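A.B. asks: What follows is a single structure, and I will ask about it in a moment.
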Amino acid sequence: MHAIRAASAAVLSLTALALAAPLAAAGDSESFQAGVTPRTIAAGGQVTLNVSGCAKKTTVSSGIFDTTTIGKGSGSQTRTVDWDAKQGAIYSVTFACKHGATRNVDLTIAGGRPEHSVAPNPPPVDHGVRAGVGGSIAGFDLQEIGLGAALITGALGGAYYLVRRRTADDNT
């Protein structure tokens, strides 16, 4: 009878440990999104750079406009594409969040003169799940580590209590 209780307490502890580990390792990199509007522009035109989900500042850089910084959380900046950008070329725009996550968006240079129309700011493009990363993108967050340690300690303490608890049958 004692072996059954010990085995069930061990299974309960391992289950709590397995369920607590992803919570402690979860980061906010999955929510970091970036976008460029419009995706095709003529040399000398203006593009809007959109960012959301970065807890710190985001640095945006490309070979066809000056590097810019967007503040915490969500935001947008407008930049003018260099006049010497080659027609028909595709340039990569890199969004680098200070916590380590990066996104690349392609920007195509069209021929002709830019039109001076204002495009609406659509929501940033969803890039899906970052499978295989395992939460290792984000830095250490003391609050999440403490919560994970408290959950594991509670599960181990509960298992110890259940194993060491005496019943009326054991005292005879």
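A.B. asks: Considering only the stretch 84-107, how many residues are in a strand (DSSP E or B) and of a type in the set (G, A, S)?
C.D. replies: Adding up the residues that qualify gives 2.
A.B. asks: Any residue that is in a strand (DSSP E or B) and either hydrophobic (A, V, I, L, M, F, W, C) or modelled with pLDDT of 85 or more (or both) - is there at least one of those in the stretch 14-33?
C.D. replies: Within the stretch 14-33, none of the residues are in a strand (DSSP E or B) and either hydrophobic (A, V, I, L, M, F, W, C) or modelled with pLDDT of 85 or more (or both).
A.B. asks: Also, I was wondering about something else. For the stretch 51-76, which positions are part of a strand (DSSP E or B), closer than 22 Å to T108 by Cα and either among the small types (G, A, S) or open to solvent by 60 Å² or more (accessible area, probe 1.4 Å) (or both)?
C.D. replies: Residues satisfying the conditions are S61, S62, D66, T67, T69, S76.
A.B. asks: Kindly provide the set of residues from the stretch 92-108 that are under 17 Å from T37 (Cα atoms) and buried (at least 20 other Cβ atoms within 10 Å of the Cβ), ordered by number.
C.D. replies: Looking only at the stretch 92-108, we keep the residues that are under 17 Å from T37 (Cα atoms), and these are 92-95, 103-108.
Answer for the stretch 92-108, where residues must be under 17 Å from T37 (Cα atoms) and buried (at least 20 other Cβ atoms within 10 Å of the Cβ): V93, F95, R103, V105, L107.
A.B. asks: Same structure, new question: What pairs can you find where one residue is in the stretch 93-107 and touching a residue at least 40 places away in the same chain (Cβ under 8 Å) and closer than 13 Å to T67 by Cα, the other is β-branched (V, I, T) and outside any strand (DSSP E or B), and their Cβ atoms are less than 9 Å apart, with a gap of 6+ or different chains?
C.D. replies: V93/I64
The values are calculated or read from the model by the stated rules, or taken from the named source; none is laboratory data. As the structure is a computational prediction, the values presented were derived from the model and not from experiment. Using ideal geometry, Cβ is built from the backbone for each residue, glycine included, and neighbour counts are taken over all protein chains shown. Heavy atoms of the whole protein, side chains included, go into the accessibility calculation; ligands, DNA and RNA do not. Shrake-Rupley method; radii C 1.70, N 1.55, O 1.52, S 1.80 Å.
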